[in-house]
1. Give me the residues in the stretch A:1-32 whose solvent-accessible area, probe 1.4 Å, is reduced by at least 30 Å² once all protein chains are included instead of the chain isolated.
2. Given the stretch A:15-156, what whole percent of its Cα pairs are spread farther than 20 Å?
3. Please report, to two decimal places, log10 I(q)/I(0) for the stretch B:24-116 at q = 0.17 Å⁻¹ as given by the Debye formula with identical point scatterers on the Cα atoms and no solvent.
4. Just from its helices, what would the mean residue ellipticity at 222 nm be for the protein assembly as shown, if runs of 4 or more DSSP H residues each count -39500 (n - 2.57) and the sum is divided by every residue, rounded to the nearest 500 deg cm²/dmol?
5. About the Cα centre of the protein assembly as shown, what is the dipole size in debye to 20, counting +1 per Lys and Arg Cβ and -1 per Asp and Glu Cβ, all else neutral?
6. Report, to the nearest 10°, how far helix A:11-21 tilts away from the longest principal axis of the Cα atoms in chain A, using its own Cα long axis and a range of 0 to 90°.
7. Could you report the buried accessible area between B and A, both sides summed, computed with a 1.4 Å probe and given in Å² to the nearest 100?
8. Give, as ranges by residue number, the residues of the stretch B:7-26 whose backbone N falls under 11 Å from the point 7 Å along Cα→Cβ of A:D106.
Amino acid sequence: MHQILLIEDSEEFQKIVLRSLGNKNQIHRATTADEGFKIIEKNKIDLILLDITLPGRDGYSLMVQLQSSLKFKNIPVICLTGRKDITDKVTAFKLGADDYILKPFDPLELRARVEAKLSKIQDKREVAELISMGDLRTDRSVHRVSIVENGNEKIVSLTPIEFKLLCHMARQPDRPFTRDQLLAAAWSDHTNIYDRTVDVHICGLRRKLLSLSYYVKAVAGVGYKLSPELSSDQKTRKQAA
Amino acid sequence: MAKANVIDLEAVRRLQALNEPGLPDIVKELFTMFVNTTPAKIQKITDCARKNDLTNFRIETHGLKSASAGIGATDVSEICSRLEKLAESFSLPKADVLLKELNVAFEEAKNALSKVA
């Protein structure tokens, strides 16, 4: 289920949009740009349906605000508006709109456009959840790590912390991460966790991944990285294992 | 006899297609809202014109333009569009005639919609 935010001051159009989209998704509602932004801050919004002419500041100003935020700039925005002028359309697209739908719209067309956009979001999400490198497969959606060896897939049992550490490093192979970065990635609240705690979990992860072609390596003075190359020490340990 | 473009029957039909068993009839709901809220909206627009309040005049006319188009009240929406243009050209004193037309168009749309809602 996706979370859609509808920012629309007309009660009539709120009703039409809600009925058009059905109950497949969670729909938040706001009647002003400020109210909408508060909802964006508190929820993980997947798509915004935005009226341009609103009481107080207009929809454009909200788009500017979203574009200036690293956290929110990638939320797709579909403008739902009665403004027919080409200058309005151009402005909306310049400010990052993904689509521009004129009122009154055909409810079935609105549903189709929203579903098409959500489907792309879902595809991107699934791609982001599946990371495959060499013999290593990680699937965040089902919290699973496996190794493919000689065509056979072996599941590796990791603790939740080890899993988070691995996924974080696997997104950027060979990039060294500091212990602080790994702490932030693996612990939602790491205020009372010492950075050396990372070492303990990395140690467990290394032990479990020893048969892999990707390995967790210590980077002197920095922290750790996931690398496709074995160190000589690891080669020895692998042979012994 | 009602004018041909008082309501857009195609828009009404599109809304009717959204009706599902177990849910209230959306055309009836929108019609009730339209009948109950439009007089107050027209009054606000009239007040803004008298006060030469361009900002709120534009917001109110735009709102009624959209809302009436949503239910297929084409004539009301069209008059609001013309009123909105007056605001853009800072000509609110010229709004009187259009405001009278708006009141008439609302009554006509109400009558026409009551037959299909």
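The values are calculated or read from the model by the stated rules, or taken from the named source; none is laboratory data. Quantities reported herein were computed from a predicted structural model and do not represent experimental measurements. Note that each Cβ is placed from the backbone with ideal geometry, even for glycine, and that neighbours are counted across all protein chains shown. Protein only, heavy atoms only, side chains kept; ligands, DNA and RNA dropped before computing areas. Shrake-Rupley method; radii C 1.70, N 1.55, O 1.52, S 1.80 Å.
1. Residues of the stretch A:1-32 that lose at least 30 Å² of accessible area once the other chains are added: A:E12, A:F13, A:K15, A:I16, A:R19.
2. So the portion of pairs separated by more than 20 Å is 56 percent.
3. Log10 I(q)/I(0), no solvent term: -0.64.
4. Theoretical 222 nm ellipticity from helices: -17000 deg cm²/dmol.
5. 1060
6. Tilt relative to chain A: about 50 degrees.
7. So the buried area, both faces added, is about 1700 Å².
8. B:14
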